[in-house]
Number of protein chains: 6
Amino acid sequence: MRPSKRAPDEMRPVSFERGVARYAEGSCLVKFGNTHVLCAATLEDKPPPWLRGQGRGWVTAEYAMLPRATHTRTRRESSSGKPSGRTQEIQRLIGRSLRAVTNLPALGERQIVVDCDVIQADGGTRTASITGAWLALHDCFQWMRSRSIIKDNPLRDHVAAVSCGVCNGEAVIDLDYAEDSTAETDANFVITGAGGLVEVQATAEVAVFSEDNLGSMLTLARGGIDKLVQLQKAALA
Amino acid sequence: MRPSKRAPDEMRPVSFERGVARYAEGSCLVKFGNTHVLCAATLEDKPPPWLRGQGRGWVTAEYAMLPRATHTRTRRESSSGKPSGRTQEIQRLIGRSLRAVTNLPALGERQIVVDCDVIQADGGTRTASITGAWLALHDCFQWMRSRSIIKDNPLRDHVAAVSCGVCNGEAVIDLDYAEDSTAETDANFVITGAGGLVEVQATAEVAVFSEDNLGSMLTLARGGIDKLVQLQKAALA
Amino acid sequence: MRPSKRAPDEMRPVSFERGVARYAEGSCLVKFGNTHVLCAATLEDKPPPWLRGQGRGWVTAEYAMLPRATHTRTRRESSSGKPSGRTQEIQRLIGRSLRAVTNLPALGERQIVVDCDVIQADGGTRTASITGAWLALHDCFQWMRSRSIIKDNPLRDHVAAVSCGVCNGEAVIDLDYAEDSTAETDANFVITGAGGLVEVQATAEVAVFSEDNLGSMLTLARGGIDKLVQLQKAALA
Amino acid sequence: MRPSKRAPDEMRPVSFERGVARYAEGSCLVKFGNTHVLCAATLEDKPPPWLRGQGRGWVTAEYAMLPRATHTRTRRESSSGKPSGRTQEIQRLIGRSLRAVTNLPALGERQIVVDCDVIQADGGTRTASITGAWLALHDCFQWMRSRSIIKDNPLRDHVAAVSCGVCNGEAVIDLDYAEDSTAETDANFVITGAGGLVEVQATAEVAVFSEDNLGSMLTLARGGIDKLVQLQKAALA
Amino acid sequence: MRPSKRAPDEMRPVSFERGVARYAEGSCLVKFGNTHVLCAATLEDKPPPWLRGQGRGWVTAEYAMLPRATHTRTRRESSSGKPSGRTQEIQRLIGRSLRAVTNLPALGERQIVVDCDVIQADGGTRTASITGAWLALHDCFQWMRSRSIIKDNPLRDHVAAVSCGVCNGEAVIDLDYAEDSTAETDANFVITGAGGLVEVQATAEVAVFSEDNLGSMLTLARGGIDKLVQLQKAALA
Amino acid sequence: MRPSKRAPDEMRPVSFERGVARYAEGSCLVKFGNTHVLCAATLEDKPPPWLRGQGRGWVTAEYAMLPRATHTRTRRESSSGKPSGRTQEIQRLIGRSLRAVTNLPALGERQIVVDCDVIQADGGTRTASITGAWLALHDCFQWMRSRSIIKDNPLRDHVAAVSCGVCNGEAVIDLDYAEDSTAETDANFVITGAGGLVEVQATAEVAVFSEDNLGSMLTLARGGIDKLVQLQKAALA
């Protein structure tokens, strides 16, 4: 039995609230159960310096947690000098995931920065961030098209993400904090609407895992991503 | 006429939502119009190192803005190494204001950290922070009393804050961003429920100001603080 | 009785020594009793980057203390990475005060940096800095005019500053370190030669203060500023 | 055809030279073709602070590249303030991989730091690092046992790593720099001697990938790891 | 002919003013011509951490320049994060020079920090610093003996320093800024009262130098140090 | 008797291995006994910013040690924020030494960076670095000439370096770590092929030294440099 009484293939309730950040070109408050992330997309007129003059744009992400998003207070990264390795790893993952479904030349020489700020954290903050950031990016592109900044939608597909794990030998989906901290194996999957794999990361936390474990987690993830993409579509409707 | 069509002594709509941060010992989402601040109080078992062994506690605050709280995106302070001078000035002001109404010996050798994170910024973020932080601190103390960690409420009084300014020669209260950026003089007042002054800061932005200007602003501030304290009381009821 | 035996409205002996920094375009060693600050103005050919092309100049200040300016040695800020919040707060205050009496367009696209280095500290270092920095700035402008870099004097008025406090319930002026550390309320006033208020900052240190307290301190400050402006004029004669 | 003319399942020549660092408790110079990494294990008498008093030890890793290990010179991280996100991600991966085969309680309250310094880089530096670090760790444990610091060998198994990729639609193993920079998908596998999966990381660089791609890469990786473990054994013989 | 019209073996006018820092345990304002350095010695009750429990004390130095000590303004090191390499090199040199004539066990488990702050710089700031710091240290030890903190004077001898150079092929002493920036060779000598060499540093700036050059500079330095030690003695009389 | 049983004028075995860094324009692995330094020269197309437009090039150096180059592990400088003062002092010394024999205008508006990374440290790392860096620089210039980037060899002479010391009152050459840590005086000499002095640095570590000591060390250094230059020539043959 999972600590949350959920079935192995049962995700937490997921919701999206678009347009929550008054000043952002696109925004979305995404909730995976008690994990709440505010995603806000900003249009910048210039691409990053290393991309100048190449006729392409860029999509990047920044990630942070409010100090009291967590059970015990976490120290602000502004006090410790620089984003931690974990933070940088997550923001690179979000950026790569969004770029995998974006037609960068169609964006022109511009950059979109998607800020993912965790308001409340109960496991799965990076997967919720990716899934919500896609909606913020979508709305930013819509805003740009409505102002004729770009003509075509640079988004080629949906992208969503979910975590899986092996707990007591069984594969489960969408771990909350309590489950995550005891999982034997921890994995994150980023998958497009068409089912293409963007990122697979599986890590032995307590014990090594088998190909069967990896397969079971991937099957669960596919099911979860299907639901998340349906919910993204519903949020846009 | 003010840009917001408000009367000179008219504050923006103010609201408080208590208990918004699931894991914090006390929390409050405060809104002064489009300025929204999430205040979360954390109990720490130890006082700061320089206060050890003196039989007293401490109350401190940290302040930050989400990057896209503002009209244009603001760079994260974690990328630039250290909180800016403005940030440090604001967090010291919030801390001093809360300590002015706290009986620190009654708190015991503990520290309360109140995080004030600006979700959306439209002027007056520091005054909204102080006013909301008082409720988060109140609820943290209540949480401690309900668990018999302390016996008496260390709060001696309410404290609230409001900004005033001189615009086109006239004193006005609770400036939003548009008004603040054109004000000739900018002031912040922190006042207790009993009317004691905790902090008066008035700065000539465009032109010097007179004692009459200072007096008019102080009168407006007293009226505003009275309303804010009423609203704090209503939120507790 | 004040620890220094001074009357409530009696400032410490004040002196100005112009031209003390051989290489600076303007300089002044200011003494408020045992508080000694070396102020040196530097002309820079370019305005700060964010002001380029606007046909205006800028005046800014930097502030620091020698490690052994104080009773016990203070750690150098170069060892701790960045100026402290207090340092930044003070240097912004000095800069704002000087700009309040400077005609920035008359300065052209240039910047003046006034360095205020505290050689010895006995309370009131920020007010002494402002008062002495005005002379350094004056002499820098004179230097520029004598070389026909500018035609008119960009200074519109004098500016000076003094601290006040409430000690044992009574308002007093120009607190030294011993008095400052026991004051109930601490205030700084920056006022122009014509009597315009530039900055009023009053803070409850031990107990809240009343409007009467604020009024008494302001009256004392006006008297002190009058004397400081007379002394600035005498130093120029 | 691969740029290096190798067959899809053909790794580069691999060699291990043990004992190259005169002062280290264990060391190994590992070469995967033109990728050369110097791994040096250091025994520290104390575990990291957060592990004190728990009767267990810790194994951690640090990773860096000489500035001219690469085709064009890379800036030293000591000039830029802190290890980059990529560096931190790699050193955490090496550490996790080594801990997956280490009996931490058997190590006692001590820490082993394995430094992996890339002398020359031609792709696959993290996989070469893991594979060579295992030998350095092995020799460090042997050194400790020969001095009776520990009684039993804390190593439970071999661990080795290899990269795979999808290039022109085909899965290939052990990519060098030229191949890596054009691969559609990039993956790293860390596997134990007994075949348990420790880490699977697959990333779409240019195009999304399929489950078949993932399966083919995993099959190649298993073959490569078998060879690497044989070579580790030969190096110990 | 030297730019300053001095003879090759002629130093600039040198003066020492003791007791200039009101709060320091020992202090001296030293002038070598237009180079002015304020040296202040601070007694700290504890030795540096790495010396604890060894029954010895330590003498160290910190060095800095006021921003406008120089012809053009120098950026504060507090803005750039850490003392520069040049600053660290100089403060280590001052510390070594003072320790060379100090009986560290006689000092007990204490540390003396001598701050050397350059008020005005015209070449030779490090040699003036060493020569003045010796007097500040002397007076600090005297202060300690007068309070019976130590019994015997830990100073074993005088120490002083002077720069020499080769300009137009000729050896000269005590270079000012104008001469220093055109010298072919630049050297610093630290010598004790008894004539023992503490430090010899000679650097080819424009052209290599010969043993004869080195010998001539050393001869000049001996003469200069003799005068400096006489002046130190006169300042103590 | 020296700890290494060497005669006072006997250096450790010295070797040079050219071309060890596959990607560098010039490289050399230099060994002075157990001190091993990898020197790699990189050609950069631009001079440093402050030299632009002056028709001259620049040669600079960076220096670092692998963490386990030393008997006990040394912390990486990338973890501590900035190169230490010692590191900066050494890299400036290497740069000055190489520039002393380089015709900078002949190099054109380019920069050569020579990285000196200490693989193993047993005393004398800075002198080995200089001596090996000369070969890396030589080969870099040869590489440039073979590609017609420059026409003439900018090198005007050889340069090499060696340490000397006074141990038990006797001058000795090329100290290893054991000898260095007990030497009374420590010195480094940088000398050209033609015998010109580039740098003389002698420091009293335990006791002051005499002119005789300095002379004896210089005589030993001359003999050692002669041998080193012969070995550089042999390595080029």
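The values are calculated or read from the model by the stated rules, or taken from the named source; none is laboratory data. Owing to the predicted nature of the structure, the values given are computational and were not obtained by experimental measurement. Please note: Cβ atoms are built from the backbone with ideal geometry, for glycine as well, and neighbour counts cover all protein chains shown.
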Being within 14 Å of chain D (Cβ to nearest Cβ) and either under 30 Å from F:LYS82 (Cα atoms) or without any contact (Cβ under 8 Å) to a residue 24 or more places away in the chain (or both), is that true of even one residue in the stretch A:95-108?
-> yes
Check every one of the strands (runs of 3 or more DSSP E) wholly within the stretch F:154-237 and list those with 2 or more residues that are touching a residue at least 24 places away in the same chain (Cβ under 8 Å), within 19 Å of the chain's Cα centre (by Cα) and at the interface with chain E (Cβ under 10 Å from one of its Cβ atoms).
-> F:185-192, F:197-204
Those residues that are out of contact with any Ser or Thr (no Cβ under 6 Å at 6 or more places or on another chain), at pLDDT 95 or above and β-branched (Val, Ile, Thr), I need them from the stretch D:131-183; list them, please.
-> D:THR131, D:ILE149, D:ILE150, D:VAL172, D:ILE173
Inspect all residues belonging to the stretch C:52-67 and state whether any of them is away from every other protein chain (no Cβ under 13 Å) and touching a residue at least 60 places away in the same chain (Cβ under 8 Å).
-> yes
With respect to C:VAL14, is the statement that it is among the hydrophobic types (A, V, I, L, M, F, W, C) and closer than 24 Å to C:ALA100 by Cβ true?
-> yes
Looking only at the stretch E:14-22, decide whether some residue is under 16 Å from E:ALA121 (Cα atoms) and among the charged types (D, E, K, R).
-> no
The condition from (1) within 14 Å of chain E (Cβ to nearest Cβ); (2) closer than 29 Å to F:ALA178 by Cβ; (3) of a type in the set (D, E, K, R) that F:LYS82 misses is numbered (2)
Considering every residue within the stretch D:114-125, establish whether at least one is among the charged types (D, E, K, R), in a helix (DSSP H, G or I) and either in contact with a Gly (Cβ under 7 Å, 6 or more places away or on another chain) or buried (at least 21 other Cβ atoms within 10 Å of the Cβ) (or both).
-> no
Residue satisfying all of: in the stretch E:140-150; of a type outside the set (Gly, Ala, Ser) and free of Cβ contacts under 8 Å to residues at least 12 places away in the same chain; surrounded by the most Cβ atoms within 10 Å (Cβ to Cβ) among these | E:ARG145
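Conditions (1) touching a helix residue (DSSP H, G or I) at 6+ places or on another chain (Cβ under 6 Å); (2) within 14 Å of chain C (Cβ to nearest Cβ), marked per residue:
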{"site": "E:GLU10", "(1), (2)": "no, no"}
{"site": "E:ALA21", "(1), (2)": "yes, yes"}
{"site": "E:LEU29", "(1), (2)": "no, yes"}
{"site": "E:GLY33", "(1), (2)": "no, yes"}
{"site": "E:CYS39", "(1), (2)": "yes, yes"}
{"site": "E:LYS46", "(1), (2)": "no, yes"}
For the stretch F:206-225, state whether one or more residues are of a type in the set (D, E, K, R), under 20 Å from F:THR125 (Cα atoms) and at pLDDT 95 or above.
-> yes
Of the numbered conditions (1) crowded, with 23+ Cβ neighbours inside 10 Å; (2) more than 13 Å from the chain's Cα centre (by Cα); (3) of a type outside the set (Phe, Trp, Tyr), F:LEU137 fails exactly one; give the number of that condition.
-> (2)
Screening E:THR87, E:THR72 for residues that are within 12 Å of another protein chain (Cβ to nearest Cβ), among the polar types (S, T, N, Q) and more than 30 Å from E:GLY196 (Cα to Cα) leaves only E:THR72
Do you know which of the residues in the stretch B:126-169 that are of a type in the set (A, V, I, L, M) and in contact with a Cys (Cβ under 7 Å, 6 or more places away or on another chain) is nearest to B:LEU43 (Cα to Cα)?
-> B:ALA136
Considering only the stretch A:190-219, how many residues are hydrophobic (A, V, I, L, M, F, W, C) and within 21 Å of A:ASN168 (Cβ to Cβ)?
-> 9
Quick one: A:PHE209 ticks every box in (1) surrounded by fewer than 23 Cβ atoms within 10 Å (Cβ to Cβ); (2) touching a strand residue (DSSP E or B) at 6+ places or on another chain (Cβ under 6 Å); (3) among the aromatic types (Phe, Trp, Tyr) except a single one, so which number is it?
-> (1)
